[in-house]
Protein chains: 2
Amino acid sequence: MKNMLLTTAAALMLASPIALAAHDEADAPLPTLEAVADEALTGDTVAWDFVEGVTTEVGPRQAGTEAETRGRQWAMQWLAAHGFENIADEPFEMPTWVPGETHKAAVTAPFPQPLVVQPLGGSGATPAGGIEAEVIEFASFADLAAASDGSLSGKIAYVSHEMRRAQDGSHYGFAGPVRWVAPTLAEQKGAVAIVIKSVGTDHHRNPHTGVTGSADNPLTIPAAALPLPDAENLERMFDRADGRPITMRLELDPRWIGMQTSGNVVGEIVGRNPELPPVLLACHLDSWWNAPGAFDDGAGCGIIAAAALNVAKTGQPLRTIRLLLAGAEEVGLWGSRAYSEAHIDEPIAVAFESDFGADRIWRFESNFRQTNPDLHARLAGAVARFGVANSTITATGGADINIARDQGTAIIDLQQDGTRYFDLHHTPDDTLDKIDPVQLRQNVAVWTQVAGILANEPRSIQTGGPVPSAPAIMGE
Amino acid sequence: MKNMLLTTAAALMLASPIALAAHDEADAPLPTLEAVADEALTGDTVAWDFVEGVTTEVGPRQAGTEAETRGRQWAMQWLAAHGFENIADEPFEMPTWVPGETHKAAVTAPFPQPLVVQPLGGSGATPAGGIEAEVIEFASFADLAAASDGSLSGKIAYVSHEMRRAQDGSHYGFAGPVRWVAPTLAEQKGAVAIVIKSVGTDHHRNPHTGVTGSADNPLTIPAAALPLPDAENLERMFDRADGRPITMRLELDPRWIGMQTSGNVVGEIVGRNPELPPVLLACHLDSWWNAPGAFDDGAGCGIIAAAALNVAKTGQPLRTIRLLLAGAEEVGLWGSRAYSEAHIDEPIAVAFESDFGADRIWRFESNFRQTNPDLHARLAGAVARFGVANSTITATGGADINIARDQGTAIIDLQQDGTRYFDLHHTPDDTLDKIDPVQLRQNVAVWTQVAGILANEPRSIQTGGPVPSAPAIMGE
């Protein structure tokens, strides 16, 4: 694992927030954590600056492409300009799929008209010029699963679902198999292609892409998502066709381009005691090709960076705060896995990530409520004033913090309101204008409060006991 | 002018609503107009059936294309199946522009990334492979107008605006020149292309197309619309570029395909006294290529057809109710002009159109408030229970009823709530799901009430006096 340390003029010219805090300390009392978090609630501009910057100056940054590389360079420069230390790009290799440029679909009979479509990540290509076949409709994943082997021979499968908005995003679990598994299943049953109702909740002409199949066992058939208006239109055609076959033409040219380089960007606010396991704040920096990735996950990276800088305003923290801006999350969590592999022997104290948009945090969860109830209660109590509820649910973390699960260490979930998330997730509409600055700042305030308590916690976060001296022991 | 009368099996098999009403008349009292309008408010399914049908079974139907022809055939069959009489397709010829298939834009420096774009109607094409040039930003149409001649030589002009949502849609007037006139102006000043901030109010990745230039004096340069998220992104790039030039690559392949046939679909509920000038209800049947035209204007055609059928439920009306489903409105009001030319010598009593979406009607206007105050007051009073306000504004009608202005006859405007209209207008998002069935039914109720009073009015609608006997006198 090669670390590419960044040394830019910007980094050298700008004082780090820690140095500034030390200076302040000589002159006047440092602000309290509570004051800094409260200030963030109405005044933060840092998280916005990050997400505005990466979406405007980089734009879409799909993993393994030149655009993702530019995204990492941009992020490292931003971190350096804001005084982070030990900034690095930790590269890794992964098989890379690109969407191509031709994304066409049309019903050819009995109601000929074009449809909007985009390929799912990992989709096969059609022959040049496209394919045309009868469409077989399935109202649900279960209906497709019940179809007999070979029954889709020569056909295009269409699979629907009834995903609904939910504050906790839980309907993604219900509808997700339509994207995750149905294409492979349709291929097994003989289909020549599959189109799905986008796994999403909005009614705009924006398909929701996302991974299907796997790099180890890629699809050979084309697999594409229709926006909800087009999917519903197709379903109405079945209702109105009186049994006449519905035929569709599909033309897609995605392809695999071999092993390409992605990377994880890291940076630190170095703590007073670097012997203590650090606090890991995570997000992911890559996006799909079809949007600049504001909600998913430029905002998350802005939130964690702003929170770390806010903690530093209260004085150098006891523990190091480490940022992980993971690469290649969308295409299969490659960055999260690579980070865990590279750093598995370096215990972390606790990890949490921001990767569910930019709407308000409404619930606090940890996985140490029973092993360290005092700290859990202190954290939950500290964020209550921001409208965050306590929870007995055990935090499991998300895509970007494999290392915490692999180490078996402490995890926190700061659950965001996901009501709007699947309106935007993996669509062209994931743009900066969707971010509500008021809710973004609430995220920064909550993250500041939680990160600040954790980074100054002298005892084991997982157990409340003394921190083990043996560094080989995982997760404190 | 050739009339192609439709005779379909469907038309022969189905009894006309007038026949049904006559049958009812023998058995039981006919319902009152008020009862029929009230029933429409909660129970109408006819308008929905029309707009669902035309958007599902035909889809996009741009003027002069095969799809528009299918739209006319579909509409004539629907009218016949619902018992309208004297159904015809009145064809006309017009120069026709088509959008092509390649609609690409990308910023190439200093922040390279793709942008979503669609051509404006009448746009020129780029050379194959596209053009790349520096972008010059104008914050408004006035700023572009102030640029000196030749100052855009070799450049791509970008023109912004500050359109806002308005219940009366009035901001279209403020922002419209950015689409209507700026491309021709930029061409005159030497620009090699122009991109505009879409003349619209939504933040989805949907460009708003629409006519620019004219068929008589077509643009030679490419002219395209960016969705608001992309336009705002471009503007942020100017803010962040520190004076570095912003360059863009643009590739568009629209073209003119010569004279093509469009047509106006007409149909009637024949009145008891065909000597009396008819009541004309209008909409337009064509849409842009990028959407099935649900709001603009499938809904309008459904509303007027449903209202005419409702009036017939109360018994055969005194005057004939004529429907005009105009062709080729979007591309330059060709159908409205052709209808006026063909029928200028056939006086109509009054005309009104539905062509502003499907949201609730909130205001009643006429152009005979001073010449026939009793009728104006009676109409305004009759629709008050549906939440419609009276107005002193003089109705002028819209795009589809040139004939009323040309004849100088009576006009009514049933103003719809346009708050959402420019979220959808001319975008891919103009799909059936955008229609609120509750508000659509309110439209049908109001139209039923107004059309029923007018179709049974024995005196001149414009003056309240006796209807002139000389048919050559325009507009009664």
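Summary of values
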| read-out | value |
| --- | --- |
| Residue in the stretch B:200-223 that is polar (S, T, N, Q), over 22 Å from the mean Cα position of the chain (by Cα) and not in a loop (DSSP other than H, G, I, E, B) present | no |
| Answer from B:469, B:460 - the residue that is among the hydroxyl-bearing types (Ser, Thr, Tyr) and either open to solvent by 40 Å² or more (accessible area, probe 1.4 Å) or modelled with pLDDT under 95 (or both) | B:469 |
| Residue list for the stretch B:223-260, restricted to those being more than 14 Å from chain A (Cβ to nearest Cβ) and either free of Cβ contacts under 8 Å to residues at least 40 places away in the same chain or in contact with a Cys (Cβ under 7 Å, 6 or more places away or on another chain) (or both) | B:243 |
| Selection from the stretch A:352-410 of residues that are open to solvent by 60 Å² or more (accessible area, probe 1.4 Å) and either closer than 26 Å to residue A:420 by Cα or assigned to a loop (DSSP other than H, G, I, E, B) (or both) | A:360, A:369, A:370, A:371, A:385, A:390, A:392, A:393, A:394, A:396 |
| Filter result (open to solvent by 10 Å² or more (accessible area, probe 1.4 Å) and touching a Gly at 6+ places or on another chain (Cβ under 7 Å)) within the stretch B:229-253 | B:249, B:251, B:253 |
| Residue in the stretch A:269-287 that is farthest from the other protein chains (Cβ to nearest Cβ), counting only those that are open to solvent by 10 Å² or more (accessible area, probe 1.4 Å) and touching a Ser or Thr at 6+ places or on another chain (Cβ under 7 Å) | A:274 |
| Selection from the stretch B:66-100 of residues that are farther than 30 Å from residue B:317 by Cα and open to solvent by 30 Å² or more (accessible area, probe 1.4 Å) | B:66, B:69, B:70, B:93, B:95 |
| Flag if residue B:427 is hydroxyl-bearing (Ser, Thr, Tyr), open to solvent by 30 Å² or more (accessible area, probe 1.4 Å) and assigned to a loop (DSSP other than H, G, I, E, B) | no |
| Test: residue B:448 is part of a loop (DSSP other than H, G, I, E, B), in contact (Cβ under 8 Å) with a residue 12 or more places away in the chain, outside the structural domain of residue B:210 (by TED's automatic domain parsing) and of a type in the set (Val, Ile, Thr) | no |
| Residues of the stretch A:192-206 classified as open to solvent by 10 Å² or more (accessible area, probe 1.4 Å) and under 15 Å from residue A:233 (Cβ atoms), total | 4 |
| Output for the stretch A:313-343, where each listed residue is assigned to a loop (DSSP other than H, G, I, E, B), touching an Asp or Glu at 6+ places or on another chain (Cβ under 8 Å) and more than 28 Å from residue A:212 (Cα to Cα) | A:315, A:318, A:319, A:320 |
| Residue match in the stretch B:92-110 (condition: in contact (Cβ under 8 Å) with a residue 60 or more places away in the chain, in contact with a helix residue (DSSP H, G or I) (Cβ under 6 Å, 6 or more places away or on another chain) and more than 12 Å from chain A (Cβ to nearest Cβ)) | yes |
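Yes/no matrix, rows are residues, columns are (1) in contact with a Cys (Cβ under 6 Å, 6 or more places away or on another chain); (2) more than 13 Å from every other protein chain (Cβ to nearest Cβ); (3) within 18 Å of residue B:84 (Cβ to Cβ); (4) of a type in the set (Phe, Trp, Tyr):
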site	(1), (2), (3), (4)
B:38	no, yes, no, no
B:42	no, yes, no, no
B:45	no, yes, yes, no
B:54	no, no, yes, no
B:59	no, no, no, no
B:65	no, no, no, no
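The values are calculated or read from the model by the stated rules, or taken from the named source; none is laboratory data. Quantities reported herein were computed from a predicted structural model and do not represent experimental measurements. Glycine also receives a Cβ, built like all others from the backbone with ideal geometry; neighbour counts cover every protein chain displayed. All accessible areas refer to the heavy atoms of the entire protein, side chains included, with ligands and DNA or RNA removed. Shrake-Rupley method; radii C 1.70, N 1.55, O 1.52, S 1.80 Å.
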